[in-house]
Amino acid sequence: MYPDEVVQQALKLSREGWTDREVARRCGVSMGAVQKWRSGTRRHKRGPARGEPYDGRIKRDCPRCYGRSLNSQSYAYLLGVYLGDGHIVATTKGCYRLSLSCCATWPGLIDAAEMAMAAVMPLSRVHRRSRQGSIDVESQSKHWPCLFPQHGPGRKHERKIELANWQKEIVEEYTQELVSGLVHSDGCRSMNRVRRPAAGGDRWYEYPRYFFTNESMDIQGIFKDALDRLGIAWKQANRKNISVARREAVARLDEFVGPKF
Ligand SMILES: [Zn+2]
């Protein structure tokens with residue numbers, strides 16, 4: 001048993017957004033202990049087991065509140081898609097709907113978004129809703145804002161978007177997944193045609209490049225930091241667009257992003 005001040009210190013660090021791993025290291029306790037204190041397992045000893053329906057409505061599968069382990073790889077991808085084309089809206093009785101807007105032309109991407117959502121919050125059912133030219137992939141939970149603390153009033157590019165420490169730790173480990181999610185929602189891979197003068201007349205050249213388009217400078221910053229970590233060269237094409245056009249940089253993105261599907 002740990003002294004109460006250790007427990008309180010650990011809970012305080014958790015509330016400040018530190019990861020369980022970091023809290024455990026700082027307090028000199030096990031990660032399991034931190035998860036237990038944070039999830040309040042002690043207080044709910046006679047309650048249902050983790051991951052089971054609580055009172056028919058509240059489901060205890062939030063990795064932030066109940067210490068269930070998070071599928072970090074899927075989360076990094078889902079975070080990328082959320083930052084691109086996702087939003088969270090309050091529905092009824094303290095519930096929230098996470099909705100990812102996917103272009104109907106790319107069924108593979110719709111499947112990928114759906115799978116990531118289900119992997120991150122397994123007890124919440126994932127729905128598809130057709131809109132004009134697009135499919136919204138949706139899931140309801142009281143806890144989506146716990147997983148996306150970037151949720152807030154107004155549009156994403158009109159407010160500050162900053163990753164919490166625990167999110168930074170995940171995207172540092174799963175940078176490729178984050179980049180895939182961002183490109184799949186707000187990016188494209190297209191052929192660029194350029195004309196070059198040559199002996200005997202101009203010649204046309206074609207080369208592939210990636211474009212990432214987002215209004216938010218903060219989200220652009222998250223994308224650029226991720227590319228830097230992967231050693232992929234990028235250029236700010238204009239205020240809203242980032243381009244990856246160097247041959248070796250495109251080849252590197254092709255390894256794990258590729259064209260939309
Ligand atoms: Zn929660």
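Each eigenvalue of the Cα gyration tensor of the stretch 183-261, multiplied by 5 and square-rooted, gives one semi-axis; in descending order these are 26, 14, 12 Å.
If the elastic network links every pair of Cα atoms under 10 Å, which of 13, 100, 78 fluctuates the most in the Gaussian network model of the chain? Largest GNM mean-square fluctuation: 13.
For a footprinting-style exposure proxy, rank 225, 136 by other Cβ within 10 Å, fewest first.
Working: 225 16, 136 19.
Going from sparsest to densest Cβ surroundings: 225, 136.
Return the single residue from 61, 85, 202 with maximal mean-square fluctuation; model: Gaussian network over the chain, springs between Cα atoms under 10 Å. Among 61, 85, 202, the largest GNM mean-square fluctuation belongs to 202. Under a Gaussian network description of the chain, with springs only between Cα atoms under 10 Å, the residue in 153, 145, 107 that fluctuates furthest is 153.
As an equivalent ellipsoid, the stretch 55-195 spans semi-axes of 25, 18, 15 angstrom, where each value is the square root of five times an eigenvalue of the C-alpha gyration tensor, largest first.
Kindly put 188, 102 in sequence by how many other C-beta atoms sit within 10 Å of each C-beta, fewest to most.
Working: 188 13, 102 24.
In increasing order of surrounding Cβ atoms, one gets 188, 102.
For the chain, taking a cut-off of 4.7 Å between Cβ atoms, the unpaired cysteines are 27, 95, 102, 103, 146, 188. If you model the chain as an ellipsoid using its alpha carbon gyration tensor, with each semi-axis the square root of five times an eigenvalue, the axes come out at 40, 22, 14 Å, biggest first.
In the chain, which whole DSSP H runs stretch at least 27 Å along their own axis (Cα) and average -1.0 or higher on the Kyte-Doolittle scale? Don't skip to the answer; put the middle values down first.
On the way: long enough: none.
Taking the DSSP H segments of the chain (at least 27 Å long, mean hydropathy at least -1.0), we get none.
When 242, 88 are sorted by how many other C-beta atoms sit within 10 angstrom of their C-beta, beginning with the fewest, the order is 88, 242. The Rg/Rh ratio for the stretch 1-45, using Cα coordinates for both the radius of gyration and the Kirkwood hydrodynamic radius, is 0.92.
Values quoted throughout were computed directly from the atomic coordinates according to the rules given, and no laboratory measurement underlies them. These figures come from a predicted structure and were not determined experimentally. Every residue, glycine as well, gets a Cβ built from its backbone with ideal geometry; the counts of neighbours run over all protein chains shown.
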